[in-house]
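Since every read-out is calculated from the coordinates, none of them should be taken as a lab result. Just so we're clear, the structure is a prediction, and the values are computed from it rather than from any experiment. All Cβ positions, even for glycine, are placed from backbone atoms using ideal geometry, and neighbour counts span all protein chains on display.
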Amino acid sequence: VSNASFQAAYASLRRGGTLVLVALPAGGKLELPVFETVLNGTKVTGSIVGTRQDLAEVFRLHALGRTRVIRETRKLDDVNTCIDDILAGRISARLVFDLR
């Protein structure tokens, strides 16, 4: 939900590209450069839930190396600390718990 993430996603669009928002930006507002949006013919749309076809497309793009997962691995024993870190905004990636 970081505005920087939304800005980076928008900046990565190619001409005619579409940015699909599946999360809400912090503060509920998103600033976009109107001139670039019009000139490049880009679109921004929202989606509350992706479809199975959308998920299949994401998996296909990932298999082609077009996406990457930004994650941080933590021990399951540290789950309470992780929740505190999330609530305090100290997490910059998806958390994955190591069950070993």
List every residue whose amide H lies under 5 Å from the amide H of Leu95, counting only residues 5 or more places away in sequence or on a different chain, with H placed 1.01 Å from N in the peptide plane. Glu72
Above 18 Å lies some portion of the pair distances; for the chain, what is it as a whole percent of all C-alpha pairs? 62
Long-range amide H partners of Leu19, meaning residues 5 or more apart or on another chain whose placed amide H is closer than 5 Å, are Lys43, Val44, Thr45
Step through the residues of segment 28-34 one at a time and calculate ³J(HN,Hα) from phi using the Karplus curve (6.51 cos²θ - 1.76 cosθ + 1.60, θ = phi - 60°), rounding each to whole Hz and writing x for Gly and Pro. x, 10, 10, 8, 10, x, 4
Simple Cβ-charge dipole of the chain, Lys/Arg +1 and Asp/Glu -1, about Cα centre, in debye nearest 20: 400
Once Asp78 and Asn3 are pulled to full extension, the length gained, defined as 0.36 nm per residue separation minus their Cα-Cα distance, is 24.2 nm
In which sequence would Arg74, Arg90 go, from the one with the fewest C-beta neighbours within 10 Å to the one with the most? Arg90, Arg74
Can you show me the helix-derived [θ] at 222 nm for the chain, built from DSSP H runs with n ≥ 4 at -39,500 (n - 2.57) apiece and divided by the number of residues, rounded to the nearest 500. -10500 deg cm²/dmol
